[in-house]
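Structure first, then comments.
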Ligand SMILES: [Zn+2]
């Protein structure tokens with residue numbers, strides 16, 4: 001049984017003007033053929049695929065392409081063309097396949113192509129023909145589209161946020177093997193919802209998201225149901241087919257698939273007002289709460305500059321109030337600032353210089369002029385042990401002393417500083433700090449064990465929770481909450 005493997009993932013933020021290029025994919029590892037097994041065996045969805053096939057002597061893994069880039073602006077055309085040509089060539093070289101495990105993000109857009117993932121599904125389907133099962137696994141923040149559903153044999157998605165991407169890889173691979181072994185002919189039913197929501201209620205460990213995801217797990221336990229995938233689409237994708245969705249795959253019973261889809265869509269719609277609840281704190285209140293915290297490390301989540309949601313990581317919005325509060329020392333602040341990194345490397349360790357921090361890439365923020373001392377300089381690839389990746393290229397890095405803050409300026413976004421290992425790589429122990437800024441609204445799992453408090457701060461930026469403030473152009477209207485809709489079936493979809 002020859003089972004192909006393709007992993008292509010990038011989550012696009014339409015409001016981040018910096019295009020994602022091939023360099024961004026290379027920074028996270030772009031591999032073809034057997035190199036995928038050597039380089040990616042221990043992490044992410046590819047690791048999950050290998051976990052399963054290792055125990056299945058009958059299954060011959062046929063790795064084709066692995067391309068991952070951190071969330072960001074739309075892919076430029078050259079990157080899309082490159083990925084497409086490598087996919088075509090890889091599928092051709094792979095020879096006949098019995099099935100394909102197709103691991104995509106599902107919310108990737110490119111210059112001139114609002115649905116990169118749908119395009120990849122269609123390309124694979126055209127190459128393999130109608131009979132070869134394609135099990136499509138997606139991030140649950142995907143924007144499910146018609147092309148994806150039409151090309152896929154079965155659809156699975158992450159079940160938790162923070163995501164367990166390795167588990168999704170295992171699930172989809174087990175399902176691929178089962179479909180082949182039992183010669184199943186699955187059917188997929190689906191529905192789009194005219195619904196968007198910011199990310200603050202996205203964690204799946206509490207209501208309302210937990211209520212929705214728990215229902216999907218309950219329906220999956222029914223006989224003949226292969227997968228129930230619920231898609232609270234990431235909220236910064238401005239494309240014509242945007243919106244939340246549900247997809248249910250059964251072993252052939254269409255009526256049962258449709259029933260489960262309706263059940264899950266109705267439940268999400270009934271919770272739509274709860275999904276809009278905002279609980280990130282205004283900046284002043286966040287600092288007051290941080291001051292009251294017991295001794296130890298306080299984490300501040302810079303919600304508007306969420307790097308894993310596609311923001312540029314160049315916001316100085318939390319650095320500015322830190323500089324005005326000497327009692328926050330030592331405060332650790334990551335920022336993407338290529339020009340400052342360049343200047344620091346030219347000046348050398350120990351140098352004192354005036355630097356401009358912030359707003360360099362996104363165009364969202366007023367730059368901050370600071371007096372800095374260069375503590376340390378570094379290069380490139382840093383071991384982070386985050387779950388989808390073990391090494392992340394941050395470009396060149398400069399560790400800067402700026403008032404009460406230690407600023408880690410980098411050329412690339414990395415993972416938004418979500419892992420304490422980033423600081424340890426430069427000789428800084430986060431446990432000894434008072435504050436640390438993370439460019440995230442949800443991925444606190446690596447810092448939580450060493451923090452006395454975690455505070456999400458309502459900051460501006462390309463990943464803002466204030467969806468109505470974003471310059472939407474392409475989403476289908478009407479869509480809640482941008483438009484008042486009571487009956488979703490009356491919304492002409
Ligand atoms: Zn996601």
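The values are calculated or read from the model by the stated rules, or taken from the named source; none is laboratory data. Every value quoted in this text rests on a predicted model; they were computed, and no experiment measured them. Glycine gets a Cβ as well: all are built from the backbone with ideal geometry, and neighbour counts include every protein chain shown.
Which is part of a helix (DSSP H, G or I), under 21 Å from the mean Cα position of the chain (by Cα) and at pLDDT below 95, of 167, 200? It would help to see each step written out before you state the result.
Details: 167 fails: at pLDDT below 95.
Just a single option satisfies the conditions, and that option is 200.
A count restricted to segment 51-78 and to residues that are in contact with a strand residue (DSSP E or B) (Cβ under 8 Å, 6 or more places away or on another chain), free of Cβ contacts under 8 Å to residues at least 60 places away in the same chain and not in a strand (DSSP E or B) stands at 2.
Quick grid of which residues meet (1) surrounded by fewer than 24 Cβ atoms within 10 Å (Cβ to Cβ); (2) within 16 Å of the ligand (Cβ to nearest atom):
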position: 3; (1), (2): no, no
position: 9; (1), (2): no, yes
position: 13; (1), (2): no, yes
position: 39; (1), (2): yes, no
position: 49; (1), (2): no, no
position: 58; (1), (2): yes, no
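Checked against (1) in contact (Cβ under 8 Å) with a residue 60 or more places away in the chain; (2) part of a loop (DSSP other than H, G, I, E, B), residue 407 passes all but a single condition, namely (2).
Whenever a residue of segment 148-160 is within 16 Å of residue 232 (Cβ to Cβ) and assigned to a strand (DSSP E or B), it has no partner that is modelled with pLDDT under 95 and away from the ligand (no atom under 11 Å from the Cβ) lying with C-beta atoms less than 7 angstrom away and at least six residues away or across chains.
Please tell me if residue 42 is in the same structural domain as residue 143 (by TED's automatic domain parsing) and either within 19 Å of residue 95 (Cβ to Cβ) or under 17 Å from the mean Cα position of the chain (by Cα) (or both). Walk me through it before giving the result.
Numbers: in the same structural domain as residue 143 (by TED's automatic domain parsing): yes; either within 19 Å of residue 95 (Cβ to Cβ) or under 17 Å from the mean Cα position of the chain (by Cα) (or both): no.
For residue 42, the condition - in the same structural domain as residue 143 (by TED's automatic domain parsing) and either within 19 Å of residue 95 (Cβ to Cβ) or under 17 Å from the mean Cα position of the chain (by Cα) (or both) - is not met.
Scoring residue 350 on the criteria (1) at pLDDT 95 or above; (2) in a strand (DSSP E or B) leaves a single failure, condition (2).
Looking at segment 125-142 only, could you name the residues that are assigned to a strand (DSSP E or B) and within 16 Å of the ligand (Cβ to nearest atom)? Full working, then the answer.
Taking segment 125-142 and keeping what is assigned to a strand (DSSP E or B), we get 134-138.
Hits for segment 125-142 are 136, 137, 138.
Of all residues in segment 80-103, those satisfying the criterion of being touching a strand residue (DSSP E or B) at 6+ places or on another chain (Cβ under 8 Å) and free of Cβ contacts under 8 Å to residues at least 60 places away in the same chain are 80, 86. Can you go through 148, 233, 209 and tell me which one is buried (at least 20 other Cβ atoms within 10 Å of the Cβ) and farther than 27 Å from residue 418 by Cα? Just one listed residue meets the conditions, 148.
Matching residues to (1) surrounded by 21 or more Cβ atoms within 10 Å (Cβ to Cβ); (2) in a loop (DSSP other than H, G, I, E, B):
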site: 426; (1), (2): no, yes
site: 436; (1), (2): yes, no
site: 441; (1), (2): yes, yes
site: 453; (1), (2): no, no
site: 464; (1), (2): yes, yes
site: 474; (1), (2): no, yes
site: 482; (1), (2): no, yes
